[in-house]
1. Any residue in the range A:258-283 that's more than 10 Å from chain B (Cβ to nearest Cβ): show its pairings with residues that are assigned to a helix (DSSP H, G or I) and not aliphatic (A, V, I, L, M) at Cβ separation under 6 Å, as long as the two are six or more apart or on different chains.
2. Name the pairs: first residue in the range A:392-404 and surrounded by 12 or more Cβ atoms within 10 Å (Cβ to Cβ), second residue of a type in the set (Gly, Ala, Ser), Cβ to Cβ under 8 Å, at least 6 apart or on different chains?
3. Taking the condition of being within 14 Å of chain B (Cβ to nearest Cβ) and surrounded by 23 or more Cβ atoms within 10 Å (Cβ to Cβ), how many residues in the range A:314-337 meet it?
4. With the condition being facing chain A (nearest Cβ under 9 Å), I'd like the strands (runs of 3 or more DSSP E) fully within the range B:206-274 carrying at least 3 qualifying residues.
5. Among helices (runs of 4 or more DSSP H) lying entirely in the range A:403-485, which contain 3 or more residues that are in contact with a Ser or Thr (Cβ under 8 Å, 6 or more places away or on another chain) and modelled with pLDDT under 90?
6. For A:Tyr6, are the conditions met, namely being among the aromatic types (Phe, Trp, Tyr) and either under 30 Å from A:Glu212 (Cβ atoms) or open to solvent by less than 50 Å² (accessible area, probe 1.4 Å) (or both)?
7. For the structure I just gave you, tell me whether A:Asn295 is at pLDDT 90 or above and either more than 9 Å from chain B (Cβ to nearest Cβ) or part of a loop (DSSP other than H, G, I, E, B) (or both).
8. For residues that are under 17 Å from A:Glu369 (Cβ atoms) and of a type outside the set (Val, Ile, Thr), scanning just the range A:380-391, find the one that is surrounded by the most Cβ atoms within 10 Å (Cβ to Cβ).
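The values are calculated or read from the model by the stated rules, or taken from the named source; none is laboratory data. The structure displayed is predicted, hence computed values, not measured ones. Using ideal geometry, Cβ is built from the backbone for each residue, glycine included, and neighbour counts are taken over all protein chains shown. The accessibility values were calculated without ligands, DNA or RNA, using every heavy atom of the protein model including side chains. Shrake-Rupley method; radii C 1.70, N 1.55, O 1.52, S 1.80 Å.
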Amino acid sequence: MDNKEYLKEERNEPWREELRKSMKNKDRVAIPRVKMPELDATYRSRSYDEVNLGLSLEQAVQEAKRCLDCPDPSCMSGCPVGVNIPKFVKNIERNEILEAAKALKETSALPAVCGRVCPQEKQCESQCIHLKMKSESVAIGHLERFAADYEREKGSISVPQLAASNGIKIAVAGSGPAGLSFAGDMAKYGYDVTVFEALHEIGGVLKYGIPEFRLPNSIVDVEINILQKMGVKFITNCIVGKTISYEDLHEQGFKGIFVATGAGLPNFMNIPGENLSGVLSSNEYLTRINLMGANREDTETPVFFGKKVAIIGGGNTAMDSVRTARRLGADKAMIVYRRSEEEMPARLEEVKHAKEEGIIFLTLHNPIEYIGDEKGRIKQMVLQKMELGEPDASGRRRPVEIPGAIETLDVDLVIVAIGVSPNPLIPSTFSGLNVSKWGTIIVNQDSLQTDLSDVYAGGDIVRGGATVILAMGDGRKAAAAMHKK
Amino acid sequence: MHAYKTPLSKSMNKIIKKKILSENVIKFEVEAPLIAKSRKPGHFVIVKVGKFGERIPLTIADSDIQNGTITLIIQQIGKSSRKICALNEGDYITDLVGPLGKATHIENFGTVVCACGGVGTAPMYPIAQAMKQAGNKVIVVLAARTGDLIIMEKEMRSFADEVIIMTDDGSYGQKGLVTFGVEQVINREKVDLCVTIGPAIMMKFVSLLAKKYEVPTVASLNTIMVDGTGMCGACRVTVGGKTRFVCIDGPEFDAHQVNFDEMLMRLNAYKDYE
């Protein structure tokens, strides 16, 4: 059965028809969009508690009523993993929340994660029919999180149905979103899946990158536990290409390998003073805190507690870093971004939350030099002021230097969050694997197969720095293609 | 965290043998069959002890493929290294990952001087051995503060063409710094390559001396790291004016190009925080 037919059949189920008839579309559109309850900004700017509190059952059901259950749901075209959005939303409307959670898991291995970190305003919600009627889109992300959280809190987590085991061994390199999503789908198809992780914890960027106040590690663990219940094996502290080679994997009987090692290499600007101590990558800063717990008393990993902290960049990682610095006691926590706020790649919600928490936004500023003290510790940064010029290749207006407009600012910690490059570890150890000039693995766009016929790749190692959900989409795509083969 | 551990990883990282080599220097043989099989001279591992321990890089001194063990030699200097050294035979190292870094470039250069200080002798051992096997004349200069701190002399003597011992206090071998021993050799015969491993300050001076005589020099750097796979950039150093990552571009670099002063400052970055 193809997808369209399946959707139609689902939509024609009696309970869906009944729900549609129960309320006029005009009345559905008239309901205002729900507001996500959140922690008080002053309190949370000093706490690691999760900022978004989640919808109540009443709020969720009310919000679900806003969905018109369109015959051709355009929202789904905006979802990289193709979640059956109307099906799960309508299940919430009829108060069958556990059914809603099951519907999510038909296609997504990590609904509680996606409901928290997806840029919905650029994906599913950007395609919502409400927008065409000058109304706000249905809060699909909030509803997704609600259904996944409800299922977990009720302690009745469903394990997806698996095909009969086919005994074929499949290896996954990397346990981030792409690897987990791939592992989930392959387990459903009946494969014997082993995920190898270089770090001592499973979850990749979900653990080391995204902070607790946005995505608690315990939420990630619950989703990983489901994969374990589905028979997926995890091996930590094992680097594919180093600890265990491509040849070793063959020797151990693995028939297919999915490379999802992420964009592990932080970029720097190569400006004077960037190697002073107290200038670090967002990867280092966030890993010390999120993975190693450096902010807590009971751990041994140290971290700098800056009072005047500048974060370079305008993406989600920059927002995560600056809000972390604020929580670690920064009086002045600043975003330094060379373009204007309009061009910022961060999720709207992160920018909003950051502002509420007292983050200072120095847009149209670009660092050109860092100045240290006699011990080599950062003490000042030199900023070049910018203005917007003509649009560049990305379609965003290019930032141009204003001649002579330079200022010096006192800082005691600088976090560089200007993006990441692909990790060269696997490409350099799998002979026959080809990479682009940016170091990303070259794959067939449809199947995600690499130049080695049994190796597929996806996520940031192919994209070079994207989002959780796009990585998950790659995982699904590669699993489908490998299964077909 | 332990919920994820599979039988495969659980059976690993057991300490098979512990030996005290000198004041504050401990030798461990650790069960790690995959690393024992795949490691080459120059590689290192990352070790973490306890759920909330710190991840620290350690060099690999030796391995035994048959028994599936690797040898780690550790000097107790900070909190984390003391915690590792407090472990005993039968204990497990919570997390151990590797081999990391690029392997040493081994070829027949001619005459190679291996200048090592303190526990830098441990990672030098497999490198010097490989250099010898490649046909080089290998002269090892072992240096330490005092005679009791000289380690692995017997092992080095088992294959090296010559072993020169230097101690700061003259309690064993000749009195003087490692550079004194290296200079003796350079003044006496043609040296084609110098390899140096030890404290950053020692490598800096070995490199300066070798440069004076135009002897190509390789230094193996031991910087602060978190993940050890290129992810964090804590280990970055300036080599030839460019930023490089010790964990994936190194740990060995052309010593004449390394900015040791910057490296020394970066090594002290977290001193006030520990």
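1. Close Cβ pairs satisfying both conditions: A:Phe258/A:Phe182; A:Ala260/A:Gly179.
2. Filtered contacts from the range A:392-404: A:Arg397/A:Ser340; A:Arg397/A:Gly389; A:Arg398/A:Gly389; A:Pro399/A:Gly389; A:Val400/A:Gly389.
3. Within the range A:314-337, the subset within 14 Å of chain B (Cβ to nearest Cβ) is A:317, A:321, A:328-329.
Next, only the ones that are surrounded by 23 or more Cβ atoms within 10 Å (Cβ to Cβ) stay: A:317, A:321.
Going through the range A:314-337 one residue at a time, the tally reaches 2.
4. On the way: elements: B:217-220, B:236-239, B:242-245, B:252-254.
Passing ranges, in order: B:236-239, B:242-245.
5. Qualifying helices (runs of 4 or more DSSP H): A:425-429.
6. It is false that A:Tyr6 is among the aromatic types (Phe, Trp, Tyr) and either under 30 Å from A:Glu212 (Cβ atoms) or open to solvent by less than 50 Å² (accessible area, probe 1.4 Å) (or both).
7. Details: at pLDDT 90 or above: no; either more than 9 Å from chain B (Cβ to nearest Cβ) or part of a loop (DSSP other than H, G, I, E, B) (or both): yes.
For A:Asn295, the condition - at pLDDT 90 or above and either more than 9 Å from chain B (Cβ to nearest Cβ) or part of a loop (DSSP other than H, G, I, E, B) (or both) - is not met.
8. Residue satisfying both the conditions and the ranking: A:Met381.
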